[in-house]
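Please read the structure below before turning to the comments.
Laboratory data are not the source of any read-out in this text; all were calculated from the coordinates shown. The structure displayed is predicted, hence computed values, not measured ones.
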Amino acid sequence: MLSRREFLNFSAATIALTCLPNQIQSNQLIRNYKLTAAITPHLFDTKGVSDNLWLYNKQTPGPIIEAKENDVIRVEFVNNLHEATTIHWHGIKNINKMDGVPYLTQDPIQPGESFLYEFPVKNAGTFWYHAHVQTWKQISKGLYGPLVVKNHVDEQFDDDIVILADDWRLNKNYQLDEKSFGSLHDWSHAGRIGNWLTINGKKIPEYSIKDGYTRLRFINASNARILTFGSTLSRIKIIAIDGIYVKPFIEDKFKLGPGQRIDLLVEPNNLSKIEFFEISGKKSLGAFKLNINQNKSNKYKKKQINFSSFEKMPSFKKHKILKIHMQGGAMGNLVKAKFEGVEKNFRTLAMEDKKFWAFNKEVGKYEHALANIKKGQVIILDVWNDTRWPHSMHLHGNHFYVQSKEFENLETPILRDTYVMQPGEKSKFTYLADNPGKWLFHCHMLEHAASGMIGYIEVV
């Protein structure tokens, strides 16, 4: 059993999440927003042809949603598309019925219909929101935006900038390559890899910052590409991962899997310009530029940023192990698996059902139950990536401790909600199941989830 101290340390941030949306405390500030999903003209490049994207409020990315710790976010959502959709609030320890998973936590929002999302936010950090119906298509078309929750620490930064990156796949006319949607190669290999990098919807944008302390909030909204960022800085200081503060550490570059977030602290130190690049491919790509305003009136005084206390993994005396064996994909070892209760060989699953991936030899979907556990149990997801491909594994409604292998200089274990597992890697995701409901666990390479690498864990 957990000690009282262990339990309180681990769950204090999520106690209020068990309340219903209409049970708002008198001291909670309500942040009201309205999002409308609609078909919107968009021009990627002046050399190309205007395209029709699916966007929130006619902009890419969607508008930033901001709040402070302990606020309530209320979003009136209107679906003006010609197909159903929902919104998922990625990284938020949410109320289950506000999680935005179709057929699992809510009915899909049909064309012309509206839905009210309302939930408290208990943790500061960098998050994002995105469509959760046919994510492989709807996110590709532009249905996403940033969500930032602030606390007293954020008041210490001179500038605070969201860096939302996307990897679009465009055709020769600089339009979204819709003919490749549903490609069997994408679904069975690495996922939908693009050829056009944008930052906040633009090609190599520039931002003006003070010669002080700047917080950069990186978000990877790509379908499948693991982005790698480097810069002209001699060192990159990482201060938060997936919305959770970590003990600051230095890297010369960093990787960011689909769905992940990383926050940097930038100190120009009399530089006039800082450039960032995406360096995962054979050729380095320009990402964005920071122009430093060196006006003496904006000169900062050297100070020490006091971050929030860092989350350290408690010592759990009792836990339940759930084994997750990931198989499938091209060049994989999945011979057969069950799909909708029927066992089929891999070729049949691939050619007839367009399914390539499995958990524990079962092809998943939104309604696929992985486990049923009691509230208050400590859970260890014993996950084995027994495939030839990396997978960005995301757990809804919870943060888990993991012994991270993604950074050289990070003290681990740390709290995450999305973790990239390399081929052959075995990892343990540890968390306290104190948030009741059905919580999705899936690969955020969106084509992988659509073709079987998905299921839910129910907490009762």
Checklist entry - Taking a 31 Å limit on the Cα-Cα distance, which of the listed pairs LYS68/LYS355; LYS172/LYS282; LYS150/LYS203; LYS179/LYS273 fall beyond it? => result LYS68/LYS355; LYS179/LYS273
Checklist outcome for this item: Under the helix-only model (-39500 (n - 2.57) for each DSSP H run of 4 or more, divided by the residues of the chain), the mean residue ellipticity at 222 nm, to 500 deg cm²/dmol, is -1500 deg cm²/dmol
Checklist entry - Of all the C-alpha pairs in region 64-170, what % are more than 17 Å from each other? => result 56
Checklist outcome for this item: Between the alpha carbon centres of region 257-278 and region 33-110 the gap in Å comes to 26
Checklist entry - For region 208-248 and region 355-371, what is the separation of their Cα centres, given in Å? => result 33
Checklist entry - So for region 320-459, Kirkwood radius off the Cα pairs, Stokes-Einstein at 25 °C and 0.890 mPa s: how many µm² s⁻¹? => result 161
